[in-house]
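Structure first, commentary second.
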Amino acid sequence: MRLLRLLIAAVCAVAALSLPGVAVAGPARAAAAGPPQTVPALRQWTAAAGAYTFTGAARIVVDPAHTAELSDEAATFAEDLGALAGRPVGVVTGIPSPGDIALSLGEPGLPAEGYRLTVGPSVTISAGTAAGAFYGTRTLLQLLHQSASVPAGTAVDWPAKPERGLMIDQGRKFFTVDWVEQHIKELAYLKLNYFHFHLSDTFGFRLESSTHPEIVSADHYSKQDIADLVALGRKYHVTIVPEIDTPGHMNAVLAAHPELRLKNSSGTASPDFIDLSLPASYALIKDLLNEYLPLFPAPYWHIGADEYVTDYAKYPQLLSYARAHYGAGATAKDAYYGFVNWADGLVRAAGKTTRMWNDGIKSGDGTVTPNSAILVEYWYGYGLTPQQLATAGHTVANESWTPTYYVLGGAKPDTRWMYETWTPDRFEGGATLNDPSKNPGSLIHVWCDNPGAETQEQIAAGITYPLRVLAQQTWGSPKPATTYAAFTPMAAAVGHNPAWPVLVQPGNLARNRPTTASSTETAAFPAAAATDGDGATRWSSAYGDPQWLRVDLGSGQAVSRVVLRWEAAYGKAFQIQLSDDAATWRTVYSTTTGTGGVQELTGLSGSGRYIRVYGTGRGTGYGYSLYEFEVYGDQLSGTRTLSAAGKALDDPASSGVPGTQLITWTPHGGPNQQWQLALNADGSYSMVNGSSRLCADVAGGSTAPGAAVVQATCTGGDGQHWLITSLGGGDYSVANKKSALLLTTASAADGAAATQQPDTGSGYQRWQIG
């Protein structure tokens with residue numbers, strides 16, 4: 001699937017620091033009375049006074065009455081929350097304490113995937129099913145991604161559609177196991193629950209086979225790969241539904257079996273149609289179905305059944321076969337309809353429901369009727385309408401070309417129209433069903449007709465916002481914003497699942513900040529994509545000069561460095577400008593000889609709340625396109641790790657207790673080893689721990705050598721000011737302003753105590769700041 005795509009494309013052409021990568025302020029912080037921002041949005045929200053704060057002491061507490069049902073959900077949540085927090089999160093059974101996150105069942109009135117989220121001194125997620133509880137944990141993950149503080153209140157939430165997800169065309173382009181695993185987690189993070197594997201097509205057959213190894217492509221999934229992906233899907237409540245496309249699009253299979261190719265009356269063999277008049281064709285397909293049906297535990301099997309023969313008069317053998325098997329009045333098309341029912345019989349014998357594409361089912365062209373239990377996926381306006389299919393007894397899923405098709409090198413979803421106008425019950429051409437419950441939902445479909453047109457990474461970036469719009473529309477909750485332009489910064493703030501690879505940008509002042517632009521080429525390339533920390537998503541402007549991209553830094557900031565990560569459409573002439581009011585601009589950098597690529601602009605001097613790149617001359621005939629617009633203050637400010645003798649300065653066990661002595665420990669990147677360095681007016685730095693939100697200090701304000709370096713409530717006093725001096729070679733000394741003594745670790749062993757000591761030149765006093 002789909003030849004038509006190419007034709008149409010040708011014609012159409014705690015606080016934030018306790019969790020890594022969290023925005024401190026900006027669009028992620030909803031008003032106290034409004035619902036917290038999630039994708040999809042919460043269906044119901046009732047605000048309350050106060051807030052919940054995630055700390056290093058937080059546990060996941062499972063209701064003892066439901067341990068059997070919720071232990072797996074708790075383990076998965078702990079794994080993901082631990083990845084977000086950078087430290088292990090414990091799971092216990094019992095009664096929650098303030099600061100804990102409780103999981104329970106006991107909401108029989110909610111739909112199967114519904115849940116109730118109650119936020120106060122602790123958080124309680126309750127549901128009627130394990131799936132509902134799981135989706136409650138996804139909501140909390142999204143909220144904690146934005147801030148360690150979650151406003152108090154109660155959410156009651158459930159989806160409108162039971163199927164919400166993604167299809168990838170692995171038959172034409174192989175997607176690595178790692179990419180698929182990442183997207184299983186990404187789908188779950190967005191409360192999407194369905195992953196369609198299109199495993200065979202023009203360029204490949206992607207499954208290991210013991211019955212027909214001759215048809216398997218070099219790039220393929222082993223059965224163990226599939227078992228592992230299915231298990232991961234089960235863990236994340238993502239159903240994996242396979243498709244082996246038959247009786248068309250069988251190029252990869254027929255390359256090994258040319259004797260089964262369908263020949264027309266002139267003797268010309270089709271490269272992609274199997275001959276349904278030959279018993280060997282049925283034997284081959286039966287072998288494959290029987291081999292793979294047990295491999296996928298999903299309740300569905302997709303037989304494809306799209307874009308087979310259009311002119312049956314050219315294939316007299318199909319007419320002969322049909323009349324021999326379905327009666328003297330049969331038509332040649334009945335060979336196709338009969339095949340569909342035959343394959344359905346094999347699928348039903350395995351206890352599953354057959355799915356197929358809609359374009360082959362027409363009216364009046366045959367005497368055989370497709371079995372009504374087959375679920376039909378409606379992708380284009382060929383043949384029967386969605387309502388006619390439903391009247392015939394079929395469940396009809398909306399997989400319409402517009403707006404769900406993402407075609408490599410071709411058509412892409414119009415995400416603005418998709419968000420502002422489309423609903424999952426609006427089929428291709430505006431068709432609808434009398435009973436919307438006959439439509440289980442929709443997917444984003446990645447079709448790889450031109451497999452080399454985009455890399456895996458580019459595809460991941462390209463479907464980022466379409467998936468988020470689909471999540472919103474299929475969940476069916478009230479939209480969080482009226483326009484797509486207002487929705488995109490919300491989606492950017494929610495970010496990706498905790499395991500998603502992101503650029504390491506310590507100290508980037510622009511990351512996840514409100515970002516606007518003079519224009520966007522299409523809704524697929526919003527301004528927010530240039531500041532989301534994802535090196536694969538991008539902003540792209542209209543074709544013309546001048547164009548600009550502006551970031552609100554939230555407050556006046558000193559800027560010394562900017563990094564521009566250009567796409568191929570780069571700026572040859574542009575300026576970097578700062579402003580206090582977004583009206584009057586001061587230029588701190590200007591060039592007319594930009595060369596694109598990654599441009600690191602250093603030595604800048606200026607300050608302002610707003611910063612923009614202002615393009616006056618494009619380097620290509622296209623617009624301006626940036627993967628990332630990074631902004632940095634002084635060279636040390638930002639989220640940092642401090643290491644000496646190979647060990648990182650550490651808040652032991654993520655303690656939130658003031659007075660706890662700091663130690664050094666093997667680096668692991670968790671928030672208790674992350675320190676927010678902020679430049680003070682006197683040239684010193686305050687150091688705030690990413691887990692405890694407490695400041696590095698000296699016990700009792702002591703100026704004596706050997707005094708313990710501890711964490712304490714931040715007061716801004718001189719004992720919490722640290723003078724950082726470069727020693728060359730990437731090493732720094734860190735001196736307490738009050739005592740003038742150096743931050744020192746006792747040894748290279750894990751757990752070594754941090755104290756202040758006179759300068760001895762020891763390696764235990766030489767810190768690397770990363």
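A few points about this structure:
- The stretch 522-559: number of residues that are over 21 Å from residue 583 (Cα atoms) and either assigned to a strand (DSSP E or B) or not β-branched (Val, Ile, Thr) (or both): 17
- Pairs are defined by a Cβ separation below 9 Å, a sequence spacing of at least 6 or placement on different chains, a first member in the stretch 395-409 that is basic (Lys, Arg), and a second member that is surrounded by fewer than 24 Cβ atoms within 10 Å (Cβ to Cβ); no pair meets this definition.
Residue-wise test of (1) within 26 Å of the chain's Cα centre (by Cα); (2) crowded, with 24+ Cβ neighbours inside 10 Å; (3) more than 22 Å from residue 183 (Cα to Cα); (4) aromatic (Phe, Trp, Tyr).
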position: 390; (1), (2), (3), (4): no, no, yes, no
position: 401; (1), (2), (3), (4): yes, no, no, yes
position: 416; (1), (2), (3), (4): yes, no, yes, no
position: 419; (1), (2), (3), (4): yes, yes, no, yes
position: 423; (1), (2), (3), (4): yes, no, yes, no
position: 442; (1), (2), (3), (4): yes, yes, no, no
position: 446; (1), (2), (3), (4): yes, yes, no, no
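Here's the yes/no breakdown for (1) surrounded by 24 or more Cβ atoms within 10 Å (Cβ to Cβ); (2) charged (D, E, K, R); (3) in contact with a strand residue (DSSP E or B) (Cβ under 8 Å, 6 or more places away or on another chain):
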{"position": "188", "(1), (2), (3)": "yes, no, no"}
{"position": "201", "(1), (2), (3)": "yes, yes, yes"}
{"position": "216", "(1), (2), (3)": "no, no, yes"}
{"position": "223", "(1), (2), (3)": "no, yes, yes"}
{"position": "230", "(1), (2), (3)": "no, no, yes"}
{"position": "246", "(1), (2), (3)": "yes, no, yes"}
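- Failed item in (1) out of contact with any Lys or Arg (no Cβ under 8 Å at 6 or more places or on another chain); (2) in a strand (DSSP E or B), with residue 218 passing the rest: (2)
- Cβ-Cβ contacts under 6 Å between residues 6 or more apart (or on different chains), taken from a first residue in the stretch 223-249 that is more than 27 Å from residue 339 (Cβ to Cβ) to a second residue that is among the polar types (S, T, N, Q), are listed as 235/76; 237/193; 238/193.
- Considered as a group, the residues in the stretch 264-285 that are outside any strand (DSSP E or B) and of a type in the set (A, V, I, L, M) include one that is surrounded by the fewest Cβ atoms within 10 Å (Cβ to Cβ), and that residue is 283.
- Failed item, numbered, when residue 671 is tested on (1) over 21 Å from residue 747 (Cα atoms); (2) at pLDDT 95 or above: (2)
- Residues satisfying the criterion are present in the stretch 723-733 (criterion: in a strand (DSSP E or B), hydroxyl-bearing (Ser, Thr, Tyr), closer than 25 Å to residue 559 by Cβ and over 40 Å from the mean Cα position of the chain (by Cα)).
- Single condition residue 111 does not satisfy, out of (1) within 23 Å of residue 468 (Cβ to Cβ); (2) part of a strand (DSSP E or B); (3) not assigned by TED's automatic domain parsing to the domain that holds residue 201; (4) not charged (D, E, K, R): (2)
- When we screen 171, 120, 153, 106 for residues that are over 22 Å from the mean Cα position of the chain (by Cα), farther than 26 Å from residue 82 by Cβ and not assigned by TED's automatic domain parsing to the domain that holds residue 375, the only hit is 106.
- Meets criteria (surrounded by 22 or more Cβ atoms within 10 Å (Cβ to Cβ) and among the basic types (Lys, Arg)) for residue 173: yes
- Selection of the stretch 239-255 for residues being of a type in the set (Val, Ile, Thr) and out of contact with any Gly (no Cβ under 8 Å at 6 or more places or on another chain) yields 241, 253.
- Restricting the stretch 295-315 to residues that are closer than 19 Å to residue 361 by Cβ and under 32 Å from the mean Cα position of the chain (by Cα), the residue that is surrounded by the most Cβ atoms within 10 Å (Cβ to Cβ) is 305.
- Looking only at residues in the stretch 521-557 that are polar (S, T, N, Q) and within 18 Å of residue 458 (Cβ to Cβ), the one that is surrounded by the fewest Cβ atoms within 10 Å (Cβ to Cβ) is 522.
- Scoring residue 697 on the criteria (1) within 41 Å of the chain's Cα centre (by Cα); (2) over 30 Å from residue 82 (Cβ atoms); (3) assigned to a strand (DSSP E or B) leaves a single failure, condition (2).
- The residues in the stretch 286-306 that are in a helix (DSSP H, G or I) and touching a Lys or Arg at 6+ places or on another chain (Cβ under 8 Å) can be counted, and the count is 2.
- Residue tally, condition part of a loop (DSSP other than H, G, I, E, B) and either modelled with pLDDT under 95 or surrounded by fewer than 24 Cβ atoms within 10 Å (Cβ to Cβ) (or both), over the stretch 335-364: 7
- Residues (modelled with pLDDT of 95 or more and of a type in the set (Gly, Ala, Ser)) located in the stretch 566-593: 571, 573, 579, 582, 583, 590
- Strands (runs of 3 or more DSSP E) within the stretch 392-451 that include 2 or more residues over 16 Å from residue 525 (Cα atoms) and among the small types (Gly, Ala, Ser): 441-447
- Residue within the stretch 138-148 that is assigned to a loop (DSSP other than H, G, I, E, B) and closer than 26 Å to residue 103 by Cα present: yes
- So residue 500, is it surrounded by fewer than 21 Cβ atoms within 10 Å (Cβ to Cβ) and in a strand (DSSP E or B): no
The values are calculated or read from the model by the stated rules, or taken from the named source; none is laboratory data. Computed from a predicted model, the values in this text were never measured in an experiment. Please note: Cβ atoms are built from the backbone with ideal geometry, for glycine as well, and neighbour counts cover all protein chains shown.
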